[in-house]
Amino acid sequence: MSIKGKLKKINEEALPLYEIFINEDDETGMNLISVVEKPAIEIKGYAFSDIVELEFKQEEDKQIIVGPALIPNKKIRRQDEDGNMYYVFFSKETIEKMVEKFNRFGSNRKINVEHTDRMIDAFIMEDWIVEDQYYDKSKKYGFEVPVGTYMIKVKIEDKNFWMEEVKGNGKFGFSIEGLLGQQLVTMSEIKEDTFQSYDDYPKAASENAKIALRWAEENGRVIVTGK
């Protein structure tokens with residue numbers, strides 16, 4: 001005799017909502033950029049390759065990825081090790097502080113793969129925060145992102161990683177990790193229409209999410225990722 005369980009419907013409006021924050025005078029902030037297959041912000045970057053040179057008519061890989069790493073006021077659904085769901089979000093002000101602090105300490109080569117200890121031979125060529133929805137450089141690359149979005153342009157110097165992981169496995173999304181604080185907020189404190197929500201924890205990734213959260217709680221590191 002088989003027993004079929006029923007899926008419990010989640011009341012999205014009842015999930016707790018936490019705002020991410022950092023402080024200027026401690027170690028909180030963004031420490032690393034991670035190249036991932038499934039970014040939490042749900043928007044992938046563009047991988048530039050096979051560019052045809054106008055004069056020489058030759059094809060060559062530029063090995064460059066461009067895309068958003070953080071989007072302000074976008075609700076990111078998380079899950080703790082007990083299976084409880086909640087949301088986190090970054091304000092425009094917090095993103096600006098994080099980016100400034102990240103660049104202040106010259107962290108442009110701190111890039112790993114899928115939030116593991118595997119570092120990539122790569123560096124951030126350029127990064128910027130979107131200041132104008134219509135005339136920002138992100139439009140050049142085909143992105144429709146709100147003001148306050150953190151965009152990065154990464155050069156992958158490892159040819160094998162580019163061929164096997166970026167081109168082969170579709171790893172051209174960005175995610176961030178670092179020591180981040182969070183505080184509970186209520187919808188009465190903020191405008192509901194400023195948020196976009198989605199589920200970044202598909203069933204197949206739930207176990208990985210629990211492991212990542214457990215590690216973060218033990219080490220004080222919050223990982224914002226779709227894996």
**Study point:** Selection within the stretch 140-175 - without any contact (Cβ under 8 Å) to a residue 40 or more places away in the chain and more than 19 Å from the chain's Cα centre (by Cα)
**Key:** 140, 158, 160, 163, 164, 168
Point to revise | Candidates 170, 181 - the one that is of a type in the set (Gly, Ala, Ser) and either in contact with a Phe, Trp or Tyr (Cβ under 9 Å, 6 or more places away or on another chain) or closer than 24 Å to residue 97 by Cα (or both) | key: 181
Review point. Taking residue 98 and the conditions (1) at pLDDT below 90; (2) open to solvent by less than 10 Å² (accessible area, probe 1.4 Å); (3) outside any loop (DSSP other than H, G, I, E, B), which numbered condition does it fall short on, given that it satisfies the others?
Key: (1)
Revision key, fill the gap. Selection from the stretch 81-95 of residues part of a loop (DSSP other than H, G, I, E, B) and open to solvent by less than 40 Å² (accessible area, probe 1.4 Å) yields 83, 90, 91
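Please count how many residues of the stretch 103-125 are open to solvent by 80 Å² or more (accessible area, probe 1.4 Å), acidic (Asp, Glu) and in contact (Cβ under 8 Å) with a residue 12 or more places away in the chain.
So the count comes out to 0.
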Study note, to complete from the structure: Every listed condition ((1) hydrophobic (A, V, I, L, M, F, W, C); (2) without any contact (Cβ under 8 Å) to a residue 60 or more places away in the chain; (3) closer than 23 Å to residue 27 by Cβ) holds for residue 128 save (3)
Review point. When only residues in the stretch 136-167 that are farther than 20 Å from residue 90 by Cβ and in a loop (DSSP other than H, G, I, E, B) count, which is most open to solvent (accessible area, probe 1.4 Å)?
Key: 157
Exercise for review: Looking only at the stretch 5-14, decide whether some residue is modelled with pLDDT under 75, in contact with a strand residue (DSSP E or B) (Cβ under 8 Å, 6 or more places away or on another chain) and either open to solvent by less than 60 Å² (accessible area, probe 1.4 Å) or of a type in the set (Asp, Glu) (or both).
Suggested key: yes
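The values are calculated or read from the model by the stated rules, or taken from the named source; none is laboratory data. None of these values were measured; they are calculated from a predicted model. Cβ: placed from backbone, ideal geometry, glycine included. Neighbour counts: every protein chain shown. These area figures cover heavy atoms from the full protein model, side chains too; ligands, DNA and RNA do not enter into them. Shrake-Rupley method; radii C 1.70, N 1.55, O 1.52, S 1.80 Å.
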